[in-house]
């Protein structure tokens, strides 16, 4: 497939998940996960390339990889003898093995049942074959027409084999769709769910309203996939919270981050994440500072400076840490610009600290910015007239 | 192809129909009547009589003549409806070993399904004589508000009668099928079914061969018999006042009064007044006493006016269940002999603001509908589909004696619904799932259909385990309940068998006994044929 397949006009080909493959067990990047969740046996490669704002080559690469891994497959692979033109029912041929001519049900009806059954995860209005905004009358009409085809009573006392259960499954789903869509209250709920499942896709390019509607239905098909993802998210979140309770902050943050990746719409996860993240940051900063101290002991100043700088990302409002980082940058690394930045931050956080002012002044002096140095050293002396070092520095200017 | 017979097993009369050459027709019995009294009797010399023969000798043999068993079937002996029947029945009703009411006549005890089976067998025989061939398959109708136990007992009765019951369907639904037969317009129809012993209302929507039941409501203990009781009570009171004699303890007098009341009631549907004459109804020291009383339509209407008004409340409830207003109903169909009463027709007309449909025979329409449904099930090219509903809500008993409904009444079948439940105590290792049917929010006020225990729940705090309980009703109305512990995947399930019904051994035993009896009965016929 991929770029090569695309060049051969294979963009119209439709990948689907290989039977028995559970995508939730794969380790995927958010972009990969997003793309895989869109592969539903109905969306063509071309559409997959267009949605989600991923580069075409990247989409092709992922798809190629999954085909090789056996995660997804194409039913209309040119290598196989059966080939459908565009618009053919995807997966029609995979039914052949399930069709049993010895049953008391025509092959045509068996095929129809199998086809319908594969689409039971579609949004309710698609199951009934009506527009999203169809009125109750149209919904009822569709329900009656489908009931005539799928109600088990139509095939009363016949030898249906496994089709008895299939028919019942189909009818129950048709009934569910009818019940939910014919009642304005439940219908509104169904539509809210559809819209909510659309939210993660909003990251993509702004679509036209038609494209948006198409995506709405496509995403509806994915409701089930999303449900699987939501369940997965819940387990991640739960293990994250138990790690949090056990004060394993980093592990907690990792798990909760995963939970959010699997269920980006969940506000509760996000709220919890800010707490978890704060703790995790503190923890991370502590580890980095400790490592920095170790490096200092080894007189590895350059490494220590880097570690403290990293720690600052997680503890940006720690004046002491800023000043330590400033000193290291000034005295060990010689990066006066960074040194000045950290020292200035420390002064901003703790404006009444004379030592911080003096350090900033010394850094200015080292950089040759005399007037700035004088201003800061004077300020330091004002804060602490007994600061000998500051007065020495000021005199030397 | 074998015929499927449609049987309207009524409280007072039964009726049977088949589809012949694509047209439904009611089969008359040997006497030429299209309906057969749902009565059974054993005479002094041990002869068993069913139908008109049983009815004809009811007055002289009231103690050994059974009627209206439909009011008892599938109920428990202690149920108020059964106790009320005991007061009015000239025959003996006793407590059976399963706490079910049983009937004792001529020194023999019968279960209610057995009595119903005798009537069903008679209906089967009517068709077999007409067709000259055996029939096996049947669709039997029951009141829409019959619960699972009552339906199961009716099915058992069919089995005892040697029938394969393809489906038990609701009487008003059957009526709608008959009305909608070969009609192709879209319509919303209300069925007002006031029969001998039960009252049902159903609202259905028809569209090009699909008949969808939108809602159904009713009362299984309200019908023409209650009208008769009111008249009897009225006559008893008058007799007591004028003659000073209480006839309540006199079973033969009661049976004569009941007969006369029914006849007077029917008369008053076409006339303004009627005469009730019962000579020699009683006697005391001063000689024989006669009852001679004029009854006017006005008096009758004052006696039963509240009952008729009460039915309209049920109609209102049904409309609201269907989420419809009176104006949305395009056609009203009256079913059941009691709807011949002018007061009933007037009340319905006033309520709906339009006249009921006149094109169906209220006595025959249910059997015809049953035959239509039977035919549509077995025929391959039929264009008719019935989307039937559950008449009563199903659910489980929850903490504090509450009833959690999982399948609401009027849910189309087949259907599956599930819900999560949890434990109520810390470290609770098992939950008991009690499956109930009914409308009350208090668990104990509903019918218990069955129960089972799901064990092996991991010890945890209360409220933490997730028990997924699913209800599954197939197209035949058979209920299965599954409970699964989502943590362990452990599962338990039952297919609900109504309580208080006969075991399959008991049914087999009755069938064998009846077979012995049937040989006796058929002998004279065979002799006749040989001649």
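All of the numbers you see were taken from the coordinates with simple rules; none came from a lab. This one's a predicted model, so the numbers in the text were calculated from it and none came from an experiment. Cβ atoms come from the backbone with ideal geometry, glycine included; neighbour counts cover every protein chain shown.
What the Cβ-Cβ distance of residue B:52 and residue B:294 gives, at R0 = 45 Å and to the nearest 0.05, is a FRET efficiency of 0.95. Remark: the residue B:330-residue B:309 segment gains 5.4 nm on full extension, using 0.36 nm per residue and subtracting the alpha carbon distance. The distance between label points at residue B:240 and residue A:297 comes to 10.8 nm (points 7 Å beyond Cα on the Cα→Cβ vector). Between residue A:69 and residue A:317, full extension at 0.36 nm per residue minus the direct alpha carbon distance yields a gain of 84.5 nm.
Cα centroid separation, segment B:206-229 to segment A:341-397: 96 Å. Taken residue by residue and averaged, Cβ atoms of other chains lying within 10 Å of the Cβ of B:414-420 number 3.
Please compute the average number of Cβ atoms from other chains found within 10 Å of each residue's Cβ in peptide A:148-155. Display every interim value, and only then the final one.
Values: counts 7, 1, 0, 8, 5, 14, 6, 2.
What the average comes to for A:148-155 is 5.
Helix B:365-378 and the long axis of chain B differ in direction by around 40°, with both axes built from C-alpha atoms. Counting Cβ atoms of other protein chains within 10 Å of each Cβ in A:178-188 and taking the mean gives 1. Does anyone have the angle between helix B:171-180 and the longest principal axis of chain B? Alpha-carbon axes, 0 to 90°, nearest 10? Approximately 90 degrees, to the nearest 10. Distance between the modelled labels on residue B:442 and residue A:165, one decimal in nanometres: 4.3 nm (7 Å Cα→Cβ projection). Highest mean packing first, where packing is the average number of other Cβ atoms within 10 Å per residue, the peptides A:290-296, B:278-284 line up as A:290-296, B:278-284.
Taking 0.36 nm per residue of separation and subtracting the current Cα-Cα distance, fully stretching the chain between residue B:98 and residue B:349 would add 85.9 nm. Using the Cβ-Cβ distance between residue B:164 and residue B:271 with R0 set to 41 Å, the FRET efficiency works out to roughly 0.35. Note on chain B: helix-only mean residue ellipticity at 222 nm, from DSSP H runs of 4+ residues weighted -39500 (n - 2.57) and normalised by residue number, equals -10500 deg cm²/dmol.
Summary of the geometry: segment B:281-340 and segment A:288-324, compared by the centres of their Cα atoms, lie 95 Å apart. Our note on the geometry: Cα centres of segment A:255-274 and segment B:45-87, 70 Å apart.
Once R0 is set to 25 Å, what does the formula 1/(1 + (r/R0)^6) return for the Cβ-Cβ distance between residue A:282 and residue B:487, expressed as a FRET efficiency to the nearest 0.05? Write down the numbers at each step before the final one.
Working: r = 34 Å, r/R0 = 1.37.
Computed FRET efficiency for residue A:282 and residue B:487 comes out at 0.15.
Model label sites at residue B:460 and residue B:419, defined 7 Å from Cα along the beta-carbon direction, differ in position by 2.1 nm. Here the average projected area of the convex hull drawn through the C-alpha atoms of segment B:224-302 stands at 4.9 nm².
Peptides A:359-368, B:9-18 ranked from most to least packed by the mean count of surrounding Cβ atoms within 10 Å: B:9-18, A:359-368. The mean of 1/r over all pairs of different alpha-carbon atoms in segment B:394-495, once inverted, gives a Kirkwood hydrodynamic radius of 13.8 Å.
Computed from Cα atoms, the angle from the helix B:342-352 axis to the main principal axis of chain B rounds to 30 degrees.
Please quote Rg/Rh for chain B to two decimal places, taking the Kirkwood radius as Rh and restricting both calculations to Cα atoms. Spell out each step's value before the answer.
Values: Rg = 24.5 Å, Rh = 24.7 Å.
Rg divided by Rh gives 0.99.
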